[in-house]
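Peer 1: This is the structure, below, for whatever I ask next.
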Amino acid sequence: MNLAAAAGLFLAGLTRLITGAQGHWYGCPPKAEQRVYFANHQSHFDWVLIWAALPSDLRARTRPIAARDYWTASAFKQWLTTEVFNAVYVSRVRSADEDPLEPLAEALENGDSLVIFPEGTRSNKGEPQAFKSGLYHLAQRFPEVQLIPAWIDNVQRVMPKGEVVPVPILCSVTFGAPLQLESGEDKDAFLVRAREAVIALRQVAD
Amino acid sequence: MGALRNLDVTQQVALLFVVLFGLLTLVTAVWLARTLRETDDAERERQERFRRDLRAVWVGALLFWVAWVSGAIGATLLFAVLSFVALREFITLTHTRRADHRSLLLAFFGILPLQFVLAGAQSLNLFMVFIPVYTFLAIPVVSAFGDDPQRFLERTAKIQWGIMVCIYGMSHAPALLLLELPQYNERGAFLVLYLVAVVTAAYIGQESAARRLRSLPVARHISRSFSWRAWSIGAVAAGLVGGLLYWATPFKPWQAVGMGGIAGACGMLGDFVMQALKRDAGVRHWGGKVSVTGAVGLLDRVAPLCFAAPVFFHSVRWLYGA
């Protein structure tokens with residue numbers, strides 16, 4: 001085992017110790033299929049929590065999205081995102097001739113699974129904000145990839161904005177049934193439906 | 001039983017574990033045989049519940065064995081981890097706000113380890129006042145720095161209460177382990193085993209009595225099964241088991257019965273209080289609330305111990321003037 005794999009195991013273990021990282025599979029089994037998980041976003045901890053809640057054989061092929069400017073700023077951040085999490089880098093500043101979804105599409109073409117937070121930013125008001133259109137474009141381009149909604153519960157209490165040390169509080173991730181883009185469904189309708197699928201899981205979680 | 005009393009420590013421990021694991025194996029075998037029969041749904045559900053309980057007992061017994069093998073440090077560590085998991089579960093179900101973040105960090109990463117270090121180092125004086133006095137004063141101060149007056153007293157009180165039960169109560173188990181009694185050196189582990197055994201006996205006695213007797217509940221809004229009669233039967237069961245184990249303890253036979261009864265009675269009251277808390281938090285089983293707490297439900301199981309341990313600890317010290 002190399003250092004990165006050991007660091008991954010250690011992080012997953014630590015996350016389980018602090019949050020329990022319970023994964024509840026309501027709408028789908030934890031299978032090694034190609035998937036895009038999309039979830040509500042409340043904390044920096046969200047990705048690690050979903051990642052720790054996945055069975056270990058799925059972890060290796062499930063990748064997060066990381067902002068290139070922030071996560072490559074230091075050698076440690078770069079090592080963490082590249083070696084441990086195998087993140088897909090995206091640039092936050094959009095240049096005219098570049099499709100911001102291109103790195104994601106590339107990863108999906110390679111057969112990897114992704115975890116995305118379609119709100120784009122962290123919200124702590126309880127209700128998730130409106131979803132950005134990236135999810136829709138991915139659904140359009142990759143109809144064979146399963147879109148799995150996920151609800152992350154309680155994580156805002158573990159590490160509120162501005163704090164660095166997490167408090168041990170039990171969290172759970174509820175995975176729902178796969179979502180499909182209906183034929184002829186327009187962008188806004190799909191995004192609303194996707195957001196509602198995530199919110200609906202909160203009732204299951206409570 | 002005089003012959004048993006004359007054995008040396010290692011032999012007695014070996015005997016205890018052989019008896020414990022033998023009993024468990026027997027119960028498991030009987031249970032396995034019964035699951036092979038054709039049954040209806042209600043019976044199957046009962047068996048499923050029993051299976052979960054049985055597994056918990058097995059895990060508990062194995063942990064004890066590991067703790068014994070690894071000595072005082074291992075046992076202290078084991079109870080510290082139990083306390084951590086119990087407190088984590090308690091805080092999850094309690095209403096805390098962002099401003100409590102620092103106090104919670106202090107509780108989990110400052111007070112908890114320190115209390116168990118004090119228990120392990122046998123600094124009994126500080127061990128006994130550290131949480132009731134110093135923590136009691138420190139937590140509200142740290143919380144107040146969080147700059148949030150909303151429900152301040154309530155939040156602080158809840159955190160303090162959680163610390164009291166999950167850390168302070170639990171830390172008396174390893175303290176018991178290390179308690180030095182006259183002519184009872186290095187046998188503290190027996191006292192912990194004795195305590196766990198009598199509390200379990202009380203719990204089982206009370207539960208089965210409550211199911212058969214159908215007597216009037218004392219507080220029906222909190223628990224439908226808690227009645228004075230069932231409680232006394234549980235205490236008697238604890239006393240009997242305590243008496244049976246007397247050869248491994250420093251007590252005289254009647255003292256062993258009495259101590260068992262006291263510890264068992266306290267444990268059941270602790271369980272009763274936890275049920276009130278559960279009702280308040282809106283859950284029927286801590287562990288049953290799968291969404292947040294997962295399958296653990298540990299607080300439920302350790303609460304009787306948390307209540308019984310301090311009382312038992314002080315009774316022993318008072319009895320021996322240690």
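The values are calculated or read from the model by the stated rules, or taken from the named source; none is laboratory data. All of these numbers come straight from a predicted model, not from anything done at the bench. Please note: Cβ atoms are built from the backbone with ideal geometry, for glycine as well, and neighbour counts cover all protein chains shown.
Peer 1: Would a scan of region A:145-156 turn up a residue that is over 16 Å from A:Ile50 (Cβ atoms) and over 18 Å from the mean Cα position of the chain (by Cα)?
Peer 2: For region A:145-156, residues over 16 Å from A:Ile50 (Cβ atoms) and over 18 Å from the mean Cα position of the chain (by Cα): absent.
Peer 1: Still on this model: Pairs needed: first member in region B:172-183, on the phi > 0 side of the Ramachandran plot; second member anywhere, modelled with pLDDT of 80 or more; C-beta distance under 9 Å; at least 6 residues apart or different chains.
Peer 2: Close Cβ pairs (under 9 Å, with a partner that is modelled with pLDDT of 80 or more) amount to B:Gln183/B:Pro250.
Peer 1: For region A:158-171, indicate whether the set of residues that are touching a Cys at 6+ places or on another chain (Cβ under 9 Å), assigned to a loop (DSSP other than H, G, I, E, B) and not hydrophobic (A, V, I, L, M, F, W, C) is non-empty. Spell out how you get there, then give the answer.
Peer 2: Initial filter on region A:158-171 (touching a Cys at 6+ places or on another chain (Cβ under 9 Å)): A:158.
From the residues that got through so far, the ones that are assigned to a loop (DSSP other than H, G, I, E, B) too are none.
No, because not a single residue in region A:158-171 is touching a Cys at 6+ places or on another chain (Cβ under 9 Å), assigned to a loop (DSSP other than H, G, I, E, B) and not hydrophobic (A, V, I, L, M, F, W, C).
Peer 1: Output yes when any residue across region B:5-19 is part of a loop (DSSP other than H, G, I, E, B), within 30 Å of B:Arg187 (Cβ to Cβ), modelled with pLDDT under 85 and not aliphatic (A, V, I, L, M), and no when none is.
Peer 2: Within region B:5-19, one or more residues are part of a loop (DSSP other than H, G, I, E, B), within 30 Å of B:Arg187 (Cβ to Cβ), modelled with pLDDT under 85 and not aliphatic (A, V, I, L, M).
Peer 1: Ok, one more. Tell me, which residue of region B:200-245 that is part of a helix (DSSP H, G or I) and of a type in the set (S, T, N, Q) is surrounded by the most Cβ atoms within 10 Å (Cβ to Cβ)?
Peer 2: Restricting to residues being part of a helix (DSSP H, G or I) and of a type in the set (S, T, N, Q), the top hit is B:Gln206.
Peer 1: Same structure, new question: Cβ-Cβ distance below 8 Å, separation of 6 or more or different chains: which pairs start in region A:142-168 with a residue that is on the phi > 0 side of the Ramachandran plot and end on one that is part of a strand (DSSP E or B) and of a type in the set (S, T, N, Q)?
Peer 2: That search, which allows pairs on different chains as well, returns A:Asn154/A:Ser172.
Peer 1: I would also like to ask the following. Name the single residue, out of those in region A:151-198 being among the acidic types (Asp, Glu) and within 14 Å of chain B (Cβ to nearest Cβ), that is farthest from A:Trp25 (Cα to Cα).
Peer 2: If we filter region A:151-198 for residues that are among the acidic types (Asp, Glu), which is where we start, we get A:153, A:163, A:182, A:185-186, A:188, A:196.
Checking the rest, the ones that are also within 14 Å of chain B (Cβ to nearest Cβ) come to A:153, A:163.
Details: A:Asp153: 14, A:Glu163: 30 Å.
Per the criteria, the residue is A:Glu163.
Peer 1: Is there any pair with a first residue in region A:3-25 that is away from chain B (no Cβ under 13 Å) and a second that is of a type in the set (Asp, Glu) whose Cβ atoms are under 7 Å apart and which are 6 or more apart or on different chains, and what are they?
Peer 2: A:Ala4/A:Glu83
Peer 1: Filter region B:56-92 down to the residues that are more than 30 Å from B:Val9 (Cβ to Cβ) and without any contact (Cβ under 8 Å) to a residue 24 or more places away in the chain and list them by number.
Peer 2: B:Arg88
Peer 1: Listed residues B:Ala107, B:Ala29; which is away from chain A (no Cβ under 14 Å) and either modelled with pLDDT of 80 or more or more than 18 Å from the chain's Cα centre (by Cα) (or both)?
Peer 2: Details: B:Ala107 fails: away from chain A (no Cβ under 14 Å).
The unique qualifying residue is B:Ala29.
Peer 1: Hey, another quick one. Which pairs have Cβ atoms under 8 Å, sit 6 or more apart or on different chains, and link a residue in region B:202-215 that is within 27 Å of B:Ala309 (Cα to Cα) to one that is acidic (Asp, Glu) and at pLDDT 85 or above?
Peer 2: B:Tyr203/B:Asp271
Peer 1: Across region B:79-104, which residue is modelled with the lowest pLDDT among those that are within 7 Å of another protein chain (Cβ to nearest Cβ) and in contact with an Asp or Glu (Cβ under 8 Å, 6 or more places away or on another chain)?
Peer 2: Across region B:79-104, the extreme among qualifying residues is B:Arg98.
Peer 1: Has region B:38-50 got at least one residue that is free of Cβ contacts under 8 Å to residues at least 24 places away in the same chain, exposed (fewer than 12 other Cβ atoms within 10 Å of the Cβ) and either within 13 Å of chain A (Cβ to nearest Cβ) or not in a helix (DSSP H, G or I) (or both)?
Peer 2: Yes; the residues of region B:38-50 include at least one that is free of Cβ contacts under 8 Å to residues at least 24 places away in the same chain, exposed (fewer than 12 other Cβ atoms within 10 Å of the Cβ) and either within 13 Å of chain A (Cβ to nearest Cβ) or not in a helix (DSSP H, G or I) (or both).
Peer 1: Looking only at region A:128-144, filter to residues that are within 17 Å of the chain's Cα centre (by Cα) and not in a helix (DSSP H, G or I); which one of those is nearest to the other protein chains (Cβ to nearest Cβ)?
Peer 2: Across region A:128-144, the extreme among qualifying residues is A:Pro128.
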